[in-house]
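The values are calculated or read from the model by the stated rules, or taken from the named source; none is laboratory data. Just so we're clear, the structure is a prediction, and the values are computed from it rather than from any experiment. Note that each Cβ is placed from the backbone with ideal geometry, even for glycine, and that neighbours are counted across all protein chains shown. Please note that ligands, DNA and RNA were not included when accessible areas were found on the heavy atoms of the full protein model with its side chains. Shrake-Rupley method; radii C 1.70, N 1.55, O 1.52, S 1.80 Å.
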Amino acid sequence: MMDADPLILTLAFDEPTFARFDGERRRYFPEALNRIPAHATLFHHLPGDRERGVIEAITVLARTVPRPEVAVTGLRFTGRGVAYVLESDALSNFRARLAQGFAPHLTAQDRQGWRPHVTVQNKVAPDKARALHADLSAGFAPFRFAAPATLLWRYRGGLWDAVARLPFGEND
């Protein structure tokens, strides 16, 4: 029987970028709720019972795309948390092309406008989130990284199981 638990597609970071984001997530996210690594979600819910086809579609497209350069442009106060804002035309185009192919299977959340970000704090009191946003914003300098791959995960009711790393470009 096929596994019906949904698949999640996220962006892989280079090592220094992951270390920064995940370190801040471990520092600022409520410990009891922080069950997954720092991530930037491309799709929240792809069909788990079509895993092979999902992997094939992402792999084929990702091979045609050089590692997208991603700009980390600022911080967003989310009401009960803080997230880094990501911008990348190449990544947005990649995601839009995947969304076209997955259109019949997308949830409302994945059909709405995509605002790429990395959440480092969530589910805290608004005043605590505001204070962290002000603190991180005061010392923030924009930076860039080249995304090496996408990561496919299976959602297991709060926990995520790694399924595949799907690199960008021909030679990765």
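Values computed for the structure shown
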quantity: Residue in segment 145-154 that is closer than 22 Å to D3 by Cα and either open to solvent by 60 Å² or more (accessible area, probe 1.4 Å) or among the polar types (S, T, N, Q) (or both) present; calculated: yes
quantity: Tally of residues being touching a Leu at 6+ places or on another chain (Cβ under 6 Å) and either over 23 Å from D110 (Cα atoms) or aliphatic (A, V, I, L, M) (or both) across segment 29-59; calculated: 5
quantity: Those residues of segment 127-172 which are out of contact with any Asp or Glu (no Cβ under 9 Å at 6 or more places or on another chain), aromatic (F, W, Y) and either more than 22 Å from Y84 (Cα to Cα) or assigned to a loop (DSSP other than H, G, I, E, B) (or both), in sequence order; calculated: F140, F168
quantity: Which numbered condition L91 misses (of (1) touching a helix residue (DSSP H, G or I) at 6+ places or on another chain (Cβ under 7 Å); (2) surrounded by 14 or more Cβ atoms within 10 Å (Cβ to Cβ)); calculated: (1)
quantity: Candidates V60, V118, V65 - the one that is under 30 Å from A4 (Cβ atoms), β-branched (V, I, T) and without any contact (Cβ under 8 Å) to a residue 40 or more places away in the chain; calculated: V60
quantity: Count - residues of segment 104-136 that are surrounded by 13 or more Cβ atoms within 10 Å (Cβ to Cβ), touching a helix residue (DSSP H, G or I) at 6+ places or on another chain (Cβ under 9 Å), within 30 Å of T59 (Cα to Cα) and of a type outside the set (A, V, I, L, M); calculated: 5
quantity: Filter result for P66 (within 20 Å of E170 (Cβ to Cβ) and over 15 Å from the mean Cα position of the chain (by Cα)); calculated: yes
quantity: Answer from T59, T73 - the residue that is modelled with pLDDT of 95 or more, open to solvent by 40 Å² or more (accessible area, probe 1.4 Å), among the hydroxyl-bearing types (S, T, Y) and more than 15 Å from the chain's Cα centre (by Cα); calculated: T73
quantity: Scope segment 26-69; condition within 13 Å of F94 (Cα to Cα) and among the acidic types (D, E); matching residues; calculated: E69
quantity: Odd one out for G139 among (1) open to solvent by less than 80 Å² (accessible area, probe 1.4 Å); (2) under 21 Å from P37 (Cβ atoms); (3) free of Cβ contacts under 8 Å to residues at least 12 places away in the same chain; calculated: (2)
quantity: Flag for F102 being under 19 Å from the mean Cα position of the chain (by Cα), among the aromatic types (F, W, Y) and over 14 Å from L9 (Cα atoms); calculated: no
